[in-house]
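A short reminder: the numbers here are calculations on the coordinates, not readings from a lab. Quick caveat, the model's predicted, so the values are computed rather than measured. Quick reminder, even Gly has a Cβ in these numbers, built from the backbone with ideal geometry, and neighbours come from all protein chains shown.
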Amino acid sequence: METHLTPLSSLRTTARHIPPYTAFVPPLSPVTIESRLSETGVVFPQWRYTMYSTTHYHSTTHEVLVVSRGRARLCFGGEQNPERFEPVVAQGDVVIVPTGLAHRLLDDMEGDFEMVGSYPPGAVWDMCYGVEGEEDKKEKARSVKWFARDPVYGARSPDVSL
């Protein structure tokens, strides 16, 4: 099964270091996504699901999300944040969520939104909600190292460094 990726010269990224880009050329299946991510060895797929509709973040690892089906409007940075980012994502889009960044599903636009969620080898993701008692999680999130290579393209990487 051959994976068709968008050429690096055609990728669309954002200044917020949340690069949604149609790296995978539709149509595609979750198996195709999982195979490609496993090939690079930077992250490994762990689930197929939608994004939670409750604002949350992870303090232990970065998260790589690839849309396998549907379209949705997501929120990054928290709804009360005037600088939040609310992209509409669709099949083939990749979103790399840095550790500590609040995110949630705002609108499943077609009713069938699904992603493949992946994490670095050995990483154990947690669920944090920004509530009282989680203050130590912020410091933990700051200490997580960024990827050495791009999770989708490997060594042929777009600039996603922080």
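Compute, for region 19-137, the length of the dipole vector about the Cα centre, with Cβ point charges of +1 (Lys, Arg) and -1 (Asp, Glu) only. Units Debye, rounded to 20. Intermediate results must be reported in sequence, preceding the final value.
Values: 8 positive and 17 negative charges, 76 e Å.
Using only the charged Cβ atoms, the result is roughly 360 debye.
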Which residues does the label zone of residue 88 cover in region 109-131, counting backbone N under 17 Å from a point 7 Å along Cα→Cβ? 109-114
Counting other beta carbons within 10 Å of each residue's own, what order do 99, 50 fall into, fewest first? 50, 99
Among 91, 119, 129, which residue has its Cα positioned farthest towards the positive end of the charge dipole of region 68-162, with +1 placed on the Cβ of Lys and Arg, -1 on the Cβ of Asp and Glu, and the dipole taken about the Cα centre? 119
At 0.36 nm per residue, minus the direct Cα-Cα distance, what do residue 47 and residue 140 gain on full extension? Give it in nm, one decimal, please. 31.1 nm
Least to most buried among 51, 115, 109, by other C-beta atoms within 10 Å and fewest first, runs 109, 51, 115
In whole angstrom, largest first, the equivalent ellipsoid semi-axes that the Cα gyration tensor gives for region 19-137 are 23, 18, 11
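Relative contact order, percent, of region 19-137 when contacts are C-alpha pairs under 8 Å separated by at least 6 residues? Provide the component values of the computation, followed by the final result.
Details: 271 pairs, mean separation 45.5, N = 119.
Answer for region 19-137 is 38 percent.
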Counting Lys +1, Arg +1, Asp -1, Glu -1, what net charge surrounds residue 104 among other residues with beta carbon under 14 Å of its beta carbon? -3
